[in-house]
Amino acid sequence: MSPPRRSSSSHGDRTSTETLQRNNSSNSGVILDISSLKMAEVDTEVPPLPPRYRFRDLLLGDQTFQNDDRVQVEFYVNENTFKERLKLFFIKNQRSSLRIRLFNFSLKILTCVLYIVRVSLDNPEDLNPNPCAFCRTNICTNATDSDRINWDLIFCVNRRVPVWAIQVSVALISFLETMLITYLSYKGNIWEQIFQISFILEMINTVPFIITIFWPPLRNIFVPVFLNCWLAKGALENMINDFHRAIQRTHSAMFNQVFILICTLLCLVFTGACGIQHLERAGKHLTLFDSFYFCIVTFSTVGYGDVTPQIWPSQLLVVILICVALVVLPLQFEELAYLWMESQKLGGNYSRHRAQTEKHVVLCVSSLKIDLLMDFLNEFYAHPRLQDYYVVILCPLEMDLQVRRILQIPLWSQRVIYLQGSALKDQDLMRAKMDDAEACFILSSRNEVDRTAADHQTILRAWAAKDFAPNCPLYVQILKPENKFHVKFADHVVCEEEFKYAMLALNCVCPATSTLVTLLVHTSRGQEGQLSPEQWQRTYGRCSGNEVYHIRLCDSKFFGEYDGKSFTYASFHAHKKYGVCLIGVKREDNKSILLNPGPRHIMAPTDTCYYINITKEENSAFIFKQEEKHNKGLPVTGLYDAPSRLPVHSIIASMVDQATSYGTVAIDLQNPDPPEETSKLTLPTENGAGSRRPSIAPVLEIADSSAILPCDLLSDQSEDETNQSDEEGSVGSDFVKGYPPNSPYIGSSPTLCHLLPQKAPFCCLRLDKGCTHNSFEDAKAYGFKNKLIIVSAETAGNGLYNFIVPLRAYYRCRKELNPIVLLLDYPPDNHFLEAICCFPMVYFMAGTIDNLDNLLQCGIIYADNLVVVDKESTMSAEEDYMADAKTIVNVQTMFRLFPSLSIITELTHPSNMRFMQFRAKDCYSLALSKLEKIERDKGSNLAFMFRLPFAAGRVFSISMLDTLLYQSFVKDYMIAIIRLLLGLDTTPGSGYLGAMKITEEDLWIRTYGRLFQKLCSSSAEIPIGIYRTESHMFSTSEGKDSHAQSQVSINVEQGAEHSERRDTWKEKTAHRNSTTSDQSEHPLLRKKSMQWARRLSRKSAKPSSRAERISQQRLNLYRRSERQELSELVKNRMKHLGLPTVGYDEMNDHQNTLSYVLINPPPDTMLELNDIVYLIRSDPLAHMPEDSQVGQARGTKNQQDFGTETRDETHL
C-alpha cells in the first residue's frame, strides 16, 4: 500500500513534500495543524463566513486566510501517485473543481462568441481565393451543377487568420482538458468514456482545428463550433451544483428545473439559428438574425412563412430540430409541472427581502378549516392600520380545496401566503420568516377528539416559536385550563374553557352575557340591519357597532376636561355630552386595569381611559359650539347650562369610507333651551296631581364615597348579622366569605367567594342518592328557596370550576344564590369533588339530557336555567357541521317538554344556531334567514347576529371568541377587560358585571340617560347596555283554522275548572318571561282560539248520555294537541318516579317574544318595563371602612382556618 500524502491545504501555507513524507505512519484520518495556534487565543471564537465571502474564497483561493490563526482541518486520501493528485485537484476538491468548471464554461462561451464573430466577418458572395482541398474536387462541382447547391460554401468558410489562431488555441486547450478528465475518470471501460455525447462533441469541435495546424489547406474547413453551447449548458449546471454544495446552501428543485428548461430552449434556438444560417449559405444566403427570427417563429408555432429555408439540407435540419424539440421539451415541461404542483402543496417561501420591507404575521394551526380562516381574515383586516400586513399560514397539512378556492380570490391572494410545514422545524419557521414577523398566532384544533393532545401540540408549537424567535409576540389559544401555565410566557393567552364556563355562568344571572361579550369583541361599523323594516333590528344593529377603545386622558377631548374629577363624574358627563361610556382606567404606574373604580378614584392626566363607543376618538369629527363661539368672538359658555340635563337628542353616526382616511363619526351636539329648573330632574305627575317623588341627585365632582355603598353586599351582610331569626334572611346565614381552599388546576385567579364553614362530605354532593347525613334523593326533597341552575356536561373538567366561582362570588347576595346541579355523563373524580365541596348548594348527578328520568330527578321543573355544554365526544364528525346534531335535537326535545325553561346551549359551529327551536313554517324565521344572507353578502362579520336565539343569548359558540385573540393584536387590553367582566380575574378596586331589572316603580326615570345619572349619583354604578324583551306576533304560512287547531293547548276536560288558575298563570308567566333570558318562540294563543276552546269545554262538561260522553272523549283525544301529549308523558314519568306533578302544571308555553341586546344606547333611549340593564358595579370592598375590612377578615380567618392552610399549599 502506498504511503498517504496530504492534499493541498485550503487555509494556510502549503506543506512541503519532505514534511508530507514524514507522515507515512498514518493511512487515513484527519490532521489538525496546530503549529500556529497560540495559547492566548484559545477562547477566540471565529464566526462563520457569510455566503458572499465563501464564494470569494472559492474564486480567489487561499491567500485571504494565510494569516488566520485557526485550527485547520484537512481531509486526505491515498494520493501518492501523480494521477491521484490530479484527480483531487480536478475532480474531488470542491474549490479547485469549481474553478475548473468555471474556466471550462468560459471557454465554451468564448468558442460560441468566436463563431458569431466569424459569421459576421464572412461574406458568402465573395470568391474564396484559397478553397480547401476537399472543395477542389470534382464532386462538389458536379453536385453544384446538378442540384444547384454550392457545396463548397457549406464545407468551406472564409476564416481569417486571427480568428483561426484564437480558435485553434481554445480548441487545443479544450482537447487537452477533455483528455485529462477522461483519463482521470477512467473506471475500466474505455468505450463508455469514448461514446459519451459530451466527449463526441468535444472531438468534433477540437480535432479539426488541431489538424489544421499540421495541414494548412484545411484551415477554411467548416467546423460546427456552435455545438459547444450544449457543452456550456452542462458545465453551467455542474458549476451551479458545485457552488451550492461548497457554500452549504440548497437551491430549490423548481429553480433548477426552470434553469434547465431555459438553457435547453436557448441551446435549441442557438443551434437551429447557426445551422440554418450556415446551410443557407448555399441557398438564400440568410443572415444570422434572419435564421434566429425563423427559429423563434417556428418554435413558437406561429409560422409566418416570410422566412423559410430553400435547400433540402437546411430543411432536413429543421425537421431534425423539431423532432428533438418534441421529445426533449415535453419531458422538461412535465418535470416542471410536477415540481410546480408539489411546490403548490408545500407553499412557497416568504423571501427575506419581503420580510424586511413588509409587515407580516404568522398563523400556526394544526388543521385549517374555512370557517377558522375567514373569521381570522375578516377580523384581522377589519382594522384600518392592518391593511398593509401580510398573513403567512404555517400548517402541516395539505391545503384544503375550499381554502385553496378562497385564497385564489384577489382580495386574499395578494395578502395571504400558505406554507405547508411544521412549526417544530426551524427550516419551516425560516421559510415563514418567524424572526421578522410582527406576531405569531398559535391556534388549537378544538375539533379533535382528544383535546388534551391538541393542547400538547399547541404547547410544543409555542415553545418552538419562542425558541426560534424570542422577540416575536405570541398569541396562544389553549383549550384546557390545566395546560395554561405551560404557555404563561406568551404575550396573550386565551383559555377556551375558562371563558366558556364563566360566560355561561353569567348568562344565568345576567341574561345574554354571551351575546354582549361577542358583540364587544367583534369589529363592526354598526351598519348591520339599517335597511330592515323592523325597528328593533335597526336599533340592535346600530348598537352592535360599539367596541372598547382606549386613550390617554391628557390627549382626549372626551375626558380631558375631567382632570381632577372623580371617575363616576367623568363617566356620567362623558356619556351625557358625547354618548361615550367610560368603563375603566389604568394608572400609569400600575399595570392593572380597573373597571369602575368608583368615586374615590380621581382622574389624572396620565390615566389611560377605556370607553365604549361606536368608533375611537381619533377617527371622530366633533362640532364644538364653544369653538364656533370663540372664533366668532362670542363669550364662551358651557356646552350645557344644566349639569343634570341630557342635551344629546341625536347622534348621527356615518362611517365614511375613503382611500386615504378611515371611518369617521360625526356627532352633532344639540343645545336646546334649558328648562326652568336646572338643578334637578322633575318627575311625571300622577293623574295630573302635584305629588312628586324625590328627583335625581346630581353627580358630584368629588363625591362622598361613604354615602355611596352598594346595597347588594353591605345590606346583605348587615341582614345576615342582625336578622338571623328571620326565615328569609337565614337562607345564607351559615355561609362565610373566603378564598376557595382547593383549586383544580394551576393558574386560577383567587376569588373571594361564599363558602361553607366546613367542607361537605363527598356523599352529600350526590343529589339523587341519600347518605348517612341526609336522605334526600331528588331536588324537591331539598326544598330550595331559589330556582335551580342545571349544567349538563360530559365530564367534570377543570373548566367547570369557572362556572361555579362567578355564581358564588362574594358580591352575590346570599339570599339570591341559586343551587347548582351538575348533570354529568360520567361521575366526577375525587380531585374535582375536593375543589367544589367547599361551595354551598353545589351538587352533581350522573345522567344525560336525553333521559327524561334524569332530567326530572335533577329538578328540571324547579329550574330557571339549563346550560347544555358542548360535549367533546361529539365535536368531531365525518361531516364537520354535523357535530352539533345530537345536541340540537336533544335541546329541541327539552324545549317541547319544558317550554318555560331557559335553555342556554353551546354549539360547535355558529352556523348551526339557525336550527335552535326550529320551526319550518315560521315566516318570520325565513325572513331573518334572508336578512342574514344579505348581511353576509355585504361582508358583515356578524351575519348571524339577527338570529333570535343568538340575540336573546340562548345559544353560544366558543368559536365566536376567537376574535378576542385576533383583536388583542390591535387592542392588547381586550383580554384583561373581558376577564374582569366575566369574573375570571379579580383586581382590588375593580368592579364586576351585574344586572338590574326595570320595574313599574322605575319607569318615572323615563330615559337611559336619566338612569345613568341616577345610578352614578346613588350607587356609583355604570350602565353599559340594555337587554330588552318585546312582544311579537310570529305568523306562519298555514291557514287560520289549521293554525288555531294546532296551537290550542288547553285541556278540554278541565278547561272550566281551571280557568282562574290559567289566568293566574298568565300573570306569573308574563312576569317571568321578562326576567329571564329564555323567551319562548311558541306562537301566542289567539283570542278566537281561546273562546272556541272555552265554549267547547262548557259543552263537554255536561254530557246528556253515556254514549255521547264516550263519543265526546274520543273527539277530545282526536283533537288533543301535541302540547297535551307531551304534558301527559312528563306527568306519567313523574308519577312513576314518585315526584309531585304540581310544579309541572305551571310550566306552559311562553308568549310570542323576542329579546336583544343594546350596547351603550343613546341617552335619549326610552326605558321600557322589564328591561334588564347591564351594570358595572364598583368593588364593594373598596368602599368599606378599613376597620370593618379588618374585622371581617379576622372573622373569616377564624371561621375558615382550613381554607387558609390548603390555599397556602396549592397557591403558586
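The values are calculated or read from the model by the stated rules, or taken from the named source; none is laboratory data. This structure is a prediction, so every number in the text was calculated from the model and none was measured. Glycine also receives a Cβ, built like all others from the backbone with ideal geometry; neighbour counts cover every protein chain displayed. Keep in mind that these areas ignore ligands, DNA and RNA; they rest on the heavy atoms of the full protein, side chains included. Shrake-Rupley method; radii C 1.70, N 1.55, O 1.52, S 1.80 Å.
Things worth noting here:
- Accessible area per residue, Å², region 157-281 with all protein chains present, probe 1.4 Å: 49
- Among 844-854, 909-919, the order from most to least packed when residues are scored by Cβ within 10 Å on average: 909-919, 844-854
- Placing pseudo-labels 7 Å out from each Cα toward the beta carbon at His353 and Ile296 gives an inter-label distance of 2.6 nm.
- What a 1.4 Å probe finds exposed on region 413-568 is 48% carbon and sulfur by accessible area, rounded to a whole percent.
- Radius 12 Å from Cβ of Leu824, net charge of other residues (Lys, Arg +1; Asp, Glu -1): -2
- FRET efficiency, Lys187 to Ile116 (Cβ-Cβ, R0 30 Å, nearest 0.05): 0.20
- Probe 1.4 Å - accessible area at His456, Å² to nearest ten: 100
- Dipole-positive endmost among Phe559, Val494, Ala512 within region 488-566 (Cβ charges, Cα centre): Phe559
- Estimated distance in nm for a label pair at His773 and Ile173, the labels positioned 7 Å out from Cα along Cα-to-Cβ: 10.0
- Coordinate range along principal axes, alpha carbons of region 330-415, Å, largest first: 49, 31, 24
- Assigned charges on the beta-carbon of Lys, Arg, Asp, Glu; region 177-330 dipole about Cα centre (debye): 100
- In a DSSP loop and with at most 14 other Cβ atoms within 10 Å, the chymotrypsin sites (Phe, Trp or Tyr not before Pro) in region 272-381 are Tyr304.
- Computed E for Ile213/Tyr304 - FRET, C-beta separation, R0 56 angstrom, nearest 0.05: 0.80
- Label sites at Ile240 and Asp450, each approximated as a point 7 angstrom past Cα along Cα to Cβ, lie 4.6 nm apart.
- For region 523-593, the solvent-accessible area of protein heavy atoms averages 36 Å² per residue (probe radius 1.4 Å; ligands and nucleic acids excluded).
- Shape analysis of region 762-814 places it in the oblate category; the axes a ≥ b ≥ c from the Cα gyration tensor give an a/c of at least 1.5, with a/b not above b/c.
- Spin-label zone in region 898-919 - amide nitrogen under 17 Å from a point set 7 Å from the Cα of Tyr881 along the C-beta vector: 907-919
- Counting only heavy atoms of the protein chains and using a 1.4 Å probe, His278 has close to 10 Å² of accessible surface.
- Dimensionless Rg ratio for region 181-289, taking C-alpha atoms and the 2.2 N^0.38 Å reference: 1.38
- Cα-based convex hull, region 867-1003, per residue volume (Å³, whole number): 201
- What the Cα convex hull of region 792-942 gives, in volume per residue, is 159 Å³.
- Projecting the Cα atoms of Phe969, Ser957, Leu980 onto the charge dipole of region 944-1018 (Cβ charges, centred on the Cα centre) puts Ser957 farthest toward the positive pole.
- Each 10 Å bin from zero holds the following percent of Cα-Cα pairs in region 808-865: 20, 46, 31, 4.
- With a Förster radius of 25 Å applied to the beta-carbon distance between Ser367 and Phe489, the computed FRET efficiency rounds to 0.50.
- Extension gain for Arg1106 to Asp563 (0.36 nm times residue separation, less C-alpha to C-alpha distance): 186.8 nm.
- When the solvent-accessible area of region 842-953 is split by element, carbon and sulfur atoms take up 56 percent of it, the probe being 1.4 Å.
- Distance from the alpha carbon centroid of region 460-518 to that of region 155-222 works out to 74 angstrom.
- Cα convex hull, region 731-859: 98 Å³ per residue, rounded to a whole number.
- From the largest down, region 400-520 spans 50, 36, 29 angstrom on the principal axes of its Cα atoms.
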